[in-house]
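Here's the structure, in structure tokens; my notes come after.
Quick note: the coordinates plus some simple rules give every number you see, no bench work behind them. It should be emphasised that the depicted structure is a prediction, and the values quoted were computed from it without experimental measurement. Note: ideal-geometry Cβ built from the backbone for every residue, glycine included; neighbour counts use all protein chains shown.
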Amino acid sequence: MTDRQRGSEDYTNRARSGDAETHEPHVHARSATLDERRGGRGQTSEPTDDDPAPLAIEIAGLVKHFGETKAVDGIDLQVPAGGIYGLLGPNGAGKTTVIRMLATLLQPDAGTARVFGDDVATAGDAVRERVSLTGQFASVDEDLTGRENLVLLARLLGYSRAGARERATELLDAFGLTEAATRQVKTYSGGMRRRLDIAASIVVTPELLFLDEPTTGLDPRNRNQVWDIIRALVANGTTVLLTTQYLDEADQLADRIAVIDEGRIIAEGTPGELKASVGSGVLSVRLRDPARREAARDVLQPVLDAPVVRESDPAALSARVTDSGRVTRAFEALSHSSIEVSEFTLGQPSLDEFFLTVTDRSGRAEAAAADGSEGSGSAEGAGNAESAATTRTVATADRVENRSGNRPASDSKRRSQ
Ligand SMILES: Nc1ncnc2c1ncn2[C@@H]1O[C@H](COP(=O)(O)OP(=O)(O)OP(=O)(O)O)[C@@H](O)[C@H]1O
Ligand SMILES: [Mg+2]
């Protein structure tokens with residue numbers, strides 16, 4: 001039995017019974033398989049007191065240009081094994097290009113990238129044995145049923161006919177798709193497709209899973225289900241490299257985050273570190289009477305010595321503050337005026353605020369708007385990722401490429417370049 005087959009058959013999924021669309025998926029894998037495989041070749045180093053975390057990904061000076069476009073422009077990155085690492089950035093930042101190089105779908109122009117110690121450029125087969133990719137766009141065949149897709153993939157990955165059927169049943173069950181299993185995928189909702197996509201990428205349990213915007217376009221319930229799937233995979237030993245434009249998603253899931261913009265990493269750290277680096281916090285004030293908002297603004301602005309922003313809530317104001325002493329004085333000033341306040345809070349900056357601060361794209365967005373171009377990496381694109389993403393349709397052009405991204409990728413490498 002091959003390593004791959006063993007890994008697959010040791011992997012079991014169980015789900016609660018219930019409605020296919022609503023129940024929470026539960027994914028269980030026996031981690032012994034991954035531990036066994038981790039103990040094998042390719043590890044960069046054994047854990048020691050000085051260097052406790054072996055690296056799943058080690059990138060140095062990675063470059064990929066497409067003509068004039070510097071998609072990836074010299075990236076250094078170290079991702080520890082275990083846990084979830086977030087790659088965050090606006091449209092066109094280079095996230096997918098990084099992932100495609102790591103998954104051996106694209107050859108780097110310069111620099112090196114290692115996955116569990118194996119170089120993606122020179123040891124592609126070894127890398128493909130250990131990774132899997134859920135691409136940004138749907139990778140399953142819409143004309144097939146959910147079950148047919150999974151059985152087909154399992155067969156391609158070396159399962160026997162009976163083994164493939166069994167594996168498909170396990171995955172459909174785990175991802176809440178049993179009732180929809182015999183329907184063509186084109187009849188699935190976006191959330192069901194996304195779950196099937198992820199199921200397809202773990203037909204064989206990978207040691208490292210690339211998830212490229214796994215929840216784009218999903219409603220909050222489906223997002224939560226996908227988050228649960230990701231957490232369950234990680235709990236069972238898989239390392240996840242997640243790209244997202246949802247800053248709250250990175251905040252919720254990722255142990256560490258690298259922020260990428262225009263092909264370069266512009267910040268790296270834990271979500272808490274990144275938020276703390278923006279400043280001490282954001283003051284939010286809500287008034288009892290929205291009619292007093294301008295008066296409140298006039299009171300707050302000189303005391304805070306910072307722009308006071310009118311929120312979309314007509315009774316709310318906010319301001320970024322770096323000096324907590326000014327917050328106290330602002331509270332006193334409002335108390336002395338006759339303006340009634342229903343809420344006065346000082347919070348940590350959100351990752352959205354961090355993102356907009358470090359990418360500082362508003363100037364470029366305005367320039368793009370002025371010359372009539374769309375500006376794929378605009379501040380609007382970053383700040384309104386949620387609304388932009390929910391209107392994005394699921395493209396099928398990448399189907400073949402992403403399906404083969406599950407491995408083996410030798411064919412897809414040719415197709416994708
Ligand atoms: N095959 C390609 N040929 C030419 N240009 C490309 C190709 N792939 C990516 N690019 C360009 O490289 C840049 C980075 O693209 P990439 O898809 O990596 O960004 P991204 O961060 O994944 O963006 P998004 O959030 O929109 O998915 C973009 O300017 C894109 O247009
Ligand atoms: Mg992308």
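Placing +1 on each Lys and Arg Cβ and -1 on each Asp and Glu Cβ, with no other charges, gives the range 280-348 a dipole about its Cα centre of roughly 60 debye. Taking one quarter of the surface of the C-alpha convex hull of the range 49-117 gives a mean projected area of 5.2 nm². The orientation-averaged shadow of the Cα convex hull for the range 280-348, equal to a quarter of the hull surface, comes to 3.9 nm². Close amide H contacts of Ala121 (hydrogens built in the peptide plane, cut-off under 5 Å, sequence separation of 5 or more or a different chain): Ala113. Counted residue by residue at 0.36 nm each, then reduced by the alpha carbon distance between them, the extension gain from Ala235 to Glu68 reaches 56.0 nm. Summary of the geometry: the range 252-285 and the range 58-91, compared by the centres of their Cα atoms, lie 16 Å apart. Expressed as a fraction of 2.2 N^0.38 Å, the C-alpha radius of gyration for the range 108-257 is 1.06. Restricting the calculation to Cα atoms, the range 79-140 yields a radius of gyration followed by a Dmax of 12.1, 32 Å. Across the range 195-210, coupling constants 3J(HN,Hα) worked out from phi with the 6.51/-1.76/1.60 Karplus curve, θ = phi - 60°, read 5, 5, 4, 5, 4, 5, 7, 10, 3, 10, 5, x, 6, 10, 10, 8 Hz, and Gly and Pro carry x.
Length available on full extension from Ala291 to Asp143: 0.36 nm per residue minus the Cα-Cα distance, which gives 47.6 nm. Under the convention that each Lys and Arg Cβ holds +1 and each Asp and Glu Cβ holds -1, the size of the dipole of the range 186-343 around its Cα centre is about 360 debye. Contact order, relative form, for the range 280-348: 51 percent (alpha carbon pairs under 8 Å, 6 or more residues apart, mean separation divided by residue count).
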